[in-house]
Amino acid sequence: MATNRTFTMIKPDAVSAGNTGAITKMIEEAGFRIVAMKKTLLTPERAGQFYAVHKERPFYKDLCTYMSSGAIVPMILEKENAVEDFRNLIGATDPQKAAPGTIRNLFAKSIEANAIHGSDSDENAAIEGSFFFSQLEQY
Ligand code: IDP
Ligand code: MG
């Protein structure tokens, strides 16, 4: 079976709550291989670049402040049908609407502090992965 890749990051609320291990375990048990992973910080400016697609949205400034408020754990993941399967594993943006058993249902605090990011397309997965990691051909 062909595999493909997606990009994720565990967001500051989930890292500071000590849920990095539990979330990483769910990701591996769902069949994703962790290709690359690190713990790092975003400045507000870098958060703004990452979420530039949302810069006209009312929540943009708060989102950049929140995403630079503490450590994050970005990862590149590999699995057959990775992008779609990972979006299903994390659940809806708003944790109140996220299906039972999804990562956001279990760990998110709010629609903003929603525990985890997941790319929405193969194209964005590649762009977002290279925002944090280089020389991926060696992984
Ligand atoms: P997604 O992360 O499920 O793809 P997007 O619409 O791409 O959702 O939004 C990016 C991020 O912006 C969300 O994960 C969340 O942290 C934040 N966000 C989205 N909608 C709202 C909102 O209505 N209020 C506050 N923050 C929001
Ligand atoms: Mg999105």
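Report yes if some residue within region 25-36 is within 16 Å of the chain's Cα centre (by Cα), within 14 Å of ligand 1 (Cβ to nearest atom), surrounded by 14 or more Cβ atoms within 10 Å (Cβ to Cβ) and outside any strand (DSSP E or B); otherwise report no.
no
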- Item | Number of the exception - Gly18 against (1) without any contact (Cβ under 8 Å) to a residue 24 or more places away in the chain; (2) small (Gly, Ala, Ser); (3) touching a helix residue (DSSP H, G or I) at 6+ places or on another chain (Cβ under 7 Å) | (3)
- Working carefully through the options Leu42, Leu106, find the one that is among the aliphatic types (A, V, I, L, M) and within 14 Å of the chain's Cα centre (by Cα). Leu42
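Any read-out appearing in this document is the output of simple, stated calculations on the displayed coordinates, not a laboratory observation. Note that the structure is a prediction, hence the values are computed from the model and not measured. All Cβ positions, glycine included, derive from the backbone under ideal geometry; neighbour counts span all protein chains shown.
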